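One structure is given here, and the rest of the page talks about it.
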Amino acid sequence: MSAPVLILGAGGHAKVLVEALLADGALMAGVVDADPGRLGQSVLGVPVIGDDRVVEDFPCDTVRLVNGIGSVGLPNLRTSIFERFSECGYRFATVVHPSAVVASDVELGEGVQVMAGVVLQPSCRIGRNAIINTRASVDHDCTIGDHTHIAPGVTVSGGVTIGSGCHVGTGATLIQGVRVGDGSVIGAGAVVTKDVAAGVTVVGVPAKVVMR
Ligand code: JB3
């Protein structure tokens, strides 16, 4: 029996995770949120039991954390929370909605979140703390870096490499073989036909750099 899960954050992203975890039969320890107004509320029936200080009430080996922070906060709150609790010895659960299609040899790093309707084709490698959000499709031989968010409805063709800390916006399309550098942002609906350098923002069809 796996250890129960404690969810960090009580917003929209956490709600989607709770739904996936309940569908998968996970045991729930509760939800923690920085907003004191959330104490006593619940997320799909899972109670909010306090803020991040409550995590310390659970020894590392008795609980698995789930990073319920999505795209809020700059610099990236989601990444810093993951690193902070990892350094304290906590482990993050990997969440895969039962409706996702994940090929048998796909490698999922610690804390990866694969939402409903996702397709991950053979030989993909997904880095730690990455989100593959609702109904995204990642085709064969792709590599997605740590902490990268693939937003709902993104289509990633075969052999694409996306660096760490990237955001690929809702409904974007990346053609086969392109490479995206660390920390870049792909705007919603963009069509990426060429490599994207690190640390830039691209938008449009075909995607062009708008910010360095
Ligand atoms: O687009 C989609 C499908 N999902 C988005 C997701 C990826 O990112 C979603 O629509 C939102 O844009 C965003 O979801 P998220 O991160 O859940 O945002 P929000 O609904 O605003 O909730 C953030 C929650 O995190 C709030 O309840 C905050 O109080 C809480 N929070 C902020 N800082 C924190 C901390 N909670 C904890 N435990 N620790 C913190 O440091």
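The values are calculated or read from the model by the stated rules, or taken from the named source; none is laboratory data. Only a predicted model underlies this, so the values are computations on that prediction, with no experimental measurement involved. As a convention, Cβ positions derive from the backbone with ideal geometry for all residues, glycine included, and neighbour counts pool all protein chains shown. The accessibility values were calculated without ligands, DNA or RNA, using every heavy atom of the protein model including side chains. Shrake-Rupley method; radii C 1.70, N 1.55, O 1.52, S 1.80 Å.
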**Fill in**
Of those in region 129-149 that are part of a strand (DSSP E or B) and near the ligand (Cβ under 10 Å from one of its atoms), the residue nearest to ALA93 (Cα to Cα) is ILE131
**Item:** Pick from region 49-77, criterion polar (S, T, N, Q) and either open to solvent by 40 Å² or more (accessible area, probe 1.4 Å) or out of contact with any strand residue (DSSP E or B) (no Cβ under 7 Å at 6 or more places or on another chain) (or both), ranking: farthest from the ligand (Cβ to nearest atom)
**Value:** THR62
**Request:** Of all residues in region 78-97, count the ones that are more than 15 Å from the ligand (Cβ to nearest atom), within 16 Å of the chain's Cα centre (by Cα) and assigned to a loop (DSSP other than H, G, I, E, B).
**Result:** 3
**Request:** Check VAL202 against each of (1) surrounded by fewer than 22 Cβ atoms within 10 Å (Cβ to Cβ); (2) of a type in the set (A, V, I, L, M); (3) part of a strand (DSSP E or B) and name the one condition it does not meet.
**Result:** (1)
**Prompt:** Name the residues in region 156-185 that are assigned to a strand (DSSP E or B), more than 16 Å from the ligand (Cβ to nearest atom) and surrounded by fewer than 23 Cβ atoms within 10 Å (Cβ to Cβ), would you?
**Reply:** THR161, THR173, ARG179
**Request:** Please specify each residue of region 31-48 satisfying the condition of being surrounded by fewer than 19 Cβ atoms within 10 Å (Cβ to Cβ) and either hydrophobic (A, V, I, L, M, F, W, C) or assigned to a strand (DSSP E or B) (or both).
**Result:** ALA34, LEU39, SER42, LEU44, PRO47
**Prompt:** So which pairs qualify, if the first residue must be in region 103-131 and closer than 16 Å to ASP182 by Cβ and free of Cβ contacts under 8 Å to residues at least 24 places away in the same chain, the second must be open to solvent by less than 20 Å² (accessible area, probe 1.4 Å) and assigned to a strand (DSSP E or B), the Cβ gap must be under 7 Å, and the two must be at least 6 apart or on different chains?
**Reply:** ILE126/ILE132; ILE126/ILE144; ALA130/ILE144
